[in-house]
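Trainee: Submitted below is the structure of interest, expressed as structure tokens.
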Amino acid sequence: MSAVGSSTSSNSVTGLSLTGSTVTSTPTGSTMTQSDFLQLLTTQLQDQDPTQPMDNSQMAAELAQFATLSTDQDIDTNVQTLNSNLSSGMQTSQVLSASNLVGKQVLVPSSTLDYSGSAVNGGVNVTTAGDVVVTIKDSNGNTIDTMDLGTQPAGLAQFSWNGTDSNGNAVANGTYSISANSGGSSTALTTYASGAVTGVGYGGSSTGTYLQVAGVGGVPLSQVAQIN
């Protein structure tokens, strides 16, 4: 802005201080607002040297700056609003689309199987081809059964457990833990359980759309390995 005269008086405008012809401080916020700019311009006009008033071209230039500031702030606000609306719309669309999965069987990451009298299905993420063995244990950590799936290629290997122990005896209904390894390696492989989708929801930006799976609980949609 132009000089405000040779006066040594100091004027303060909401965090803007004019001393002589110099702006000695900046707005209290991180950026100058429309209100800050307008108040500073008004103060400058009030305190200008009557013998050396601001010329028309300088006034026009400063008004143009004010108009540009206003436009930029409006654009920023509109972009943020548009982004928020698009994000909300996409979330709603994804949840509505996922609702078509209710009632379907999905294969999702799980370290347990929920047995209730009928065969339960599961899977193993085989990272390297080899002989895959699935171990099933009860709540006390006792091994109930082991299933050798044979040599499996890298990828998703599926299995079904009929609810019997290694001797062929039926086990009680309940939740059993599962683990798997390949080629005798001690490194555990990721296991999956199959369950019916009972509901769909949105768990916030960190979780996104999730499925409520019977016997497993809430699982992010992105973690579903297979839909049957």
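Trainee: Restricting to segment 117-132, give me the number of residues that are open to solvent by 40 Å² or more (accessible area, probe 1.4 Å) and over 15 Å from S194 (Cβ atoms).
Mentor: Here the count works out to 5.
Trainee: Kindly indicate whether G215 is part of a loop (DSSP other than H, G, I, E, B) and under 30 Å from the mean Cα position of the chain (by Cα).
Mentor: Judged against the criteria, G215 is a match.
Trainee: Another one. Hey, among S160, S139, which residue is of a type outside the set (K, R) and either over 20 Å from Q226 (Cβ atoms) or open to solvent by less than 30 Å² (accessible area, probe 1.4 Å) (or both)?
Mentor: Testing whether each residue is of a type outside the set (K, R) and either over 20 Å from Q226 (Cβ atoms) or open to solvent by less than 30 Å² (accessible area, probe 1.4 Å) (or both) leaves just S139.
Trainee: Shifting gears a bit: Please indicate, with yes or no, whether at least one residue in segment 97-116 is farther than 22 Å from A225 by Cβ, under 25 Å from the mean Cα position of the chain (by Cα), open to solvent by 30 Å² or more (accessible area, probe 1.4 Å) and not hydroxyl-bearing (S, T, Y).
Mentor: Taking every residue of segment 97-116 in turn, none turns out to be farther than 22 Å from A225 by Cβ, under 25 Å from the mean Cα position of the chain (by Cα), open to solvent by 30 Å² or more (accessible area, probe 1.4 Å) and not hydroxyl-bearing (S, T, Y).
Trainee: Being at pLDDT 95 or above and not in a strand (DSSP E or B), is that true of even one residue in segment 106-117?
Mentor: Yes: one or more hits.
Trainee: Something else now. Looking only at strands (runs of 3 or more DSSP E) that fall completely inside segment 125-204, which ones have 2 or more residues that are touching a residue at least 12 places away in the same chain (Cβ under 8 Å) and over 30 Å from S93 (Cα atoms)?
Mentor: 130-137, 143-152, 155-161, 174-182
Trainee: What tally of residues in segment 142-157 results from selecting those that are more than 32 Å from the chain's Cα centre (by Cα) and open to solvent by 50 Å² or more (accessible area, probe 1.4 Å)?
Mentor: Final tally of qualifying residues: 6.
Trainee: Can you pull out every residue in segment 172-228 that is open to solvent by 30 Å² or more (accessible area, probe 1.4 Å) and touching a helix residue (DSSP H, G or I) at 6+ places or on another chain (Cβ under 7 Å)?
Mentor: Residues satisfying the conditions are V200, Y202, Y210, L221, I227.
The values are calculated or read from the model by the stated rules, or taken from the named source; none is laboratory data. Predicted, not measured: the structure shown is a model, and the values here were computed from it. Please note: Cβ atoms are built from the backbone with ideal geometry, for glycine as well, and neighbour counts cover all protein chains shown. The accessibility values were calculated without ligands, DNA or RNA, using every heavy atom of the protein model including side chains. Shrake-Rupley method; radii C 1.70, N 1.55, O 1.52, S 1.80 Å.
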